[in-house]
Amino acid sequence: MTAPRLEIDLEKIHHNARTLVERLAERGISITGVTKATLGSPDIAATLLRAGVNALGDSRIENIEAMRRAQVQALMTLIRSPMISQADRVVMHADISLNTEIDVISNLSSAAQKARRTHGVVLMVELGDLREGIMPGDLEDMVRKTLRFPNITLKGIGTNLACRSGVSPDAEKMAELSALADSIDATFGSKLGIVSGGNSGNLQWALRGADTGRINDLRLGESLLLGRETLQRQPIDGLHTDAITLIAEVIESKPKPSRPWGKIAQTAFGEMPPATDRGHISQTILALGHQDTDPCGLIAPPGIEILGASSDHLITNSGRSGLSVGAEITFQLNYSALVRAMTSPFVAKVVLSQISV
């Protein structure tokens with residue numbers, strides 16, 4: 001079988017999704033399954049839907065279009081603010097989009113009128129992580145303006161935390177979002193249908209047992225695919241962390257010094273190589289590099305130590321394992337490594353199992 005390759009176990013992904021669907025349902029929260037790390041894979045999208053996720057979300061309209069072409073039947077949300085240049089495509093293929101700019105919503109309205117469609121909008125609120133979001137004091141005015149646009153339906157509000165700045169989506173932040181939802185309802189006399197609290201970083205809060213208030217949706221990706229929460233990257237009890245693995249092939253295996261020699265300058269990626277002398281090691285090189293994945297996001301099996309990487313080579317210390325040329329090594333991945341590997345045309349994607357439901 002070709003390498004490098006991602007091996008995707010749909011049974012394990014289904015288990016992860018179904019487990020979180022059931023646990024969050026007890027808290028009154030549904031799941032939007034985020035497909036951006038899978039390039040909108042129809043197989044994975046179908047698996048999430050069969051597990052009970054409420055909708056699918058993706059940051060790229062191209063992925064949503066690919067799922068539509070594959071006949072994936074689901075409510076689909078564009079979870080990155082639309083580009084004005086893509087407004088026509090957004091209203092044609094996405095049911096809902098997350099928004100922060102009135103000019104974007106105006107263009108979505110015009111595109112929706114031309115297409116004779118109605119497009120749903122969720123307004124994103126800035127609660128401290130300093131990625132996207134309307135400042136809370138400006139939200140009421142933004143709602144008022146949004147409600148005036150023809151062919152636009154205000155579906156709800158949401159926020160994003162634990163992403164750019166690592167701000168925790170704790171009880172205080174979620175209570176603030178709930179209070180904003182209550183205020184909008186009271187001011188405009190209608191109940192918001194969606195109050196989207198965030199992403200996989202919200203799971204510690206959501207599953208702890210505290211009052212969830214108005215929060216009724218989470219946009220989950222990493223926890224479904226890799227079985228981890230995203231505040232400390234700890235495994236979630238009962239979930240698989242190896243539903244997707246990356247396999248690479250050994251192309252060189254030799255004893256070599258651990259310390260380079262000669263006049264030392266920067267590496268190909270502008271770094272300074274380590275200067276520690278550990279004597280001779282069993283150096284193993286795999287056909288995998290920065291062009292294929294994020295080497296810093298790979299978790300090697302016991303006995304294998306990742307030493308560094310270039311564009312096309314992953315250098316490891318294989319210790320006593322004595323790996324031979326042509327052997328394969330299986331790595332677990334974090335989200336960064338998964339996204340880059342899934343995007344790379346040089347990494348094959350292999351589905352290992354179909355789900356039986």
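Select from region 102-133 the residues that are acidic (Asp, Glu) and closer than 22 Å to ASP217 by Cα and list them in ascending order. Result: GLU126, ASP129, GLU132.
Can you say whether ARG340 is part of a helix (DSSP H, G or I), in contact (Cβ under 8 Å) with a residue 40 or more places away in the chain and of a type in the set (D, E, K, R), as far as the supplied structure shows? When the stated conditions are applied, ARG340 passes them.
When PHE149 is tested against (1) surrounded by fewer than 16 Cβ atoms within 10 Å (Cβ to Cβ); (2) more than 22 Å from the chain's Cα centre (by Cα); (3) in a loop (DSSP other than H, G, I, E, B), exactly one condition is not met: (1). Taken as a whole, the structure leaves THR276 outside the set of residues that are of a type in the set (Val, Ile, Thr), part of a loop (DSSP other than H, G, I, E, B) and buried (at least 17 other Cβ atoms within 10 Å of the Cβ).
Would you mind finding the one in LEU49, LEU20 that is touching a residue at least 40 places away in the same chain (Cβ under 8 Å), crowded, with 17+ Cβ neighbours inside 10 Å and over 15 Å from the mean Cα position of the chain (by Cα)?
LEU20
Among the residues of region 302-326, those that are farther than 28 Å from GLN266 by Cα and either modelled with pLDDT of 95 or more or under 24 Å from the mean Cα position of the chain (by Cα) (or both) comprise VAL325, GLY326. Of the residues making up region 218-225, not a single one is assigned by TED's automatic domain parsing to the domain that holds GLY52, assigned to a loop (DSSP other than H, G, I, E, B), more than 18 Å from GLU132 (Cα to Cα) and at pLDDT below 95. Taking the criterion of being part of a loop (DSSP other than H, G, I, E, B), out of contact with any helix residue (DSSP H, G or I) (no Cβ under 8 Å at 6 or more places or on another chain) and closer than 17 Å to GLU65 by Cα, the only residue of region 84-130 that qualifies is ASP95. ARG214 meets the conditions (1) within 12 Å of LEU127 (Cβ to Cβ); (2) assigned to a loop (DSSP other than H, G, I, E, B); (3) in contact with a strand residue (DSSP E or B) (Cβ under 6 Å, 6 or more places away or on another chain); (4) not hydroxyl-bearing (Ser, Thr, Tyr) in every case but one. The failed one is (1).
The listed residues are THR35, THR19, and the only one of them that is under 18 Å from SER200 (Cα atoms), out of contact with any strand residue (DSSP E or B) (no Cβ under 8 Å at 6 or more places or on another chain), in the same structural domain as THR118 (by TED's automatic domain parsing) and among the β-branched types (Val, Ile, Thr) turns out to be THR19.
The selection criterion, being among the β-branched types (Val, Ile, Thr) and under 30 Å from ILE8 (Cα atoms), does not hold for ILE105.
Within region 261-274, residues that are on the phi < 0 side of the Ramachandran plot and assigned by TED's automatic domain parsing to the domain that holds LEU307 have Cβ atoms under 7 Å from residues that are at pLDDT below 75 and exposed (fewer than 10 other Cβ atoms within 10 Å of the Cβ) in these pairs: GLN266/MET272, counting only partners at least 6 apart in sequence or on another chain.
The values are calculated or read from the model by the stated rules, or taken from the named source; none is laboratory data. These numbers were taken from a predicted model, which means no experiment stands behind them. All Cβ positions, even for glycine, are placed from backbone atoms using ideal geometry, and neighbour counts span all protein chains on display.
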